[in-house]
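Since every read-out is calculated from the coordinates, none of them should be taken as a lab result. What you see is a predicted model, and the numbers here were worked out from it, not measured in a lab. For neighbour counting, all protein chains shown are included, and Cβ atoms are generated from backbone atoms with ideal geometry for every residue, glycine included.
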C-alpha cells in the first residue's frame, strides 16, 4: 500500500487538472449510514427501497402529499445537520488548497465537503439542506422557508419566490433526471481532467457511474504528447471500475485513512524537490 500511496501522490503532483469523485463510502466514516452496504438502510429494510422508487412520482402527482410525508417522518439518514466531516473530507479540501484538486463531484447530499472547506463542489444528487424549483431550477437554503409552519397552516407545497413554481427538496430521487445544470457542469469537469481520484463509491448508480467511463474513453494532451486520463480508486473493496479495468489502480482501505496519507506524501515529495 505504501508504494501505491507514493504513486498516487506522484500522479497527483504531475497532473494538470485533477478532479475527485466521491460516494457514500467517504460519508459513512462520519457515521452516516449507507443504503446498500452489509448493514445498509435498504439491506435491513428492503421495502424501504421500493418506496424510494415511488418518491419522485409522488411529488409529480401530489406535491402537497410529498411534503407532508417528508416533514412528518424523520430522515433514515438521521439528523445530518449534526454530522461532522472526517479526515477524508479534510484531505480533499487540503488538496484543493494545494492547487491539485480542481473540483469535487459528489453523490452525497450531506454538505460535508463544503463544511470541510472544499469550495468547488458539484452535488450530483443534490443537497438535503436546499430546495429546488422544478420550473426555473433556482435553489434556496431550507432555512429561508418555515416548512413546519407551512405544514400546520396547510400552505404546502412551498412556492418559488422568483417564478411561482413548485419547490421540492434539492435531493435527486430515483427516476428523477439529474438537473441540467449539474449534469452539464459535471461533464465539463470530466472532459477537462487528466486525473480522476475516485473515493468511496460503489460505481453502480447511474448516470454518476458513467463519469469515470467517459474519462477512460478520452485522451489528454500532455507536454510529452497524448496520454490517457489516470484514474485512481480509493475504496474499501474493488468495484466494477476495478474489475473492468476502468481505473488504473485501487488503493484498498478507508478514505479517511488513505487520503490524509496521500496529502502527507505530497508534502514530503515537494520538500524533497526543494
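Quick notes on this one:
- Rounded to the nearest 10 degrees, the angle from helix 63-72 to the longest Cα principal axis of the chain is 80 degrees.
- One decimal place: the segment residue 58-residue 188 gains 43.6 nm when fully extended, by the rule 0.36 nm per residue minus the C-alpha distance.
- Alpha-carbon centroid distance for the pair the range 1-28 / the range 49-89, whole angstrom: 31 Å
- Cα-projected label distance for residue 139 with residue 152, points at 7 Å along beta-carbon direction, nm: 3.0 nm
- Linear extension gain, residue 267 paired with residue 163, 0.36 nm per residue minus alpha-carbon span: 32.5 nm
- Packing order of peptides 104-110, 264-270, highest average first: 104-110, 264-270 (average count of other Cβ atoms within 10 Å over each peptide's residues).
- Label zone at residue 218 (point 7 Å along Cα-to-Cβ), backbone N below 17 Å, the range 86-108: 101-106
- Among 198, 134, the ranking by other beta carbons within 10 Å of each residue's beta carbon, starting with the fewest, stands as 134, 198.
- The Cα-based radius of gyration and maximum Cα-Cα distance (Dmax) for the range 73-185 are 15.6, 50 Å.
- Measuring between their Cα centroids, the range 188-243 and the range 92-163 lie 25 Å from each other.
- Among 152, 64, a tally of other beta-carbon atoms within 10 Å of each Cβ gives an order, fewest to most, of 152, 64.
- Helix axis angle, 180-192 relative to the chain longest principal axis, alpha carbon, degrees: 0 degrees
- Ascending count of other beta-carbon atoms within 10 Å, so fewest first, for 56, 66: 56, 66
- Short-range pairs are left out: with C-alpha atoms under 8 Å and at least six residues apart, the relative contact order of the range 177-274 is 23 percent.
- Axis angle, to the nearest 10 degrees, between helix 255-273 and the longest C-alpha principal axis of the chain: 40 degrees.
- Most to least packed among 92-103, 181-192 [average Cβ atoms within 10 Å]: 92-103, 181-192
- Sequence-distant contacts, meaning Cα pairs under 8 Å at least 6 residues apart, place the relative contact order of the chain at 25 percent.
- From its DSSP helices (H runs of at least four residues, each -39,500 (n - 2.57)), the chain gives a residue-normalised ellipticity at 222 nm of -11500 deg cm²/dmol.
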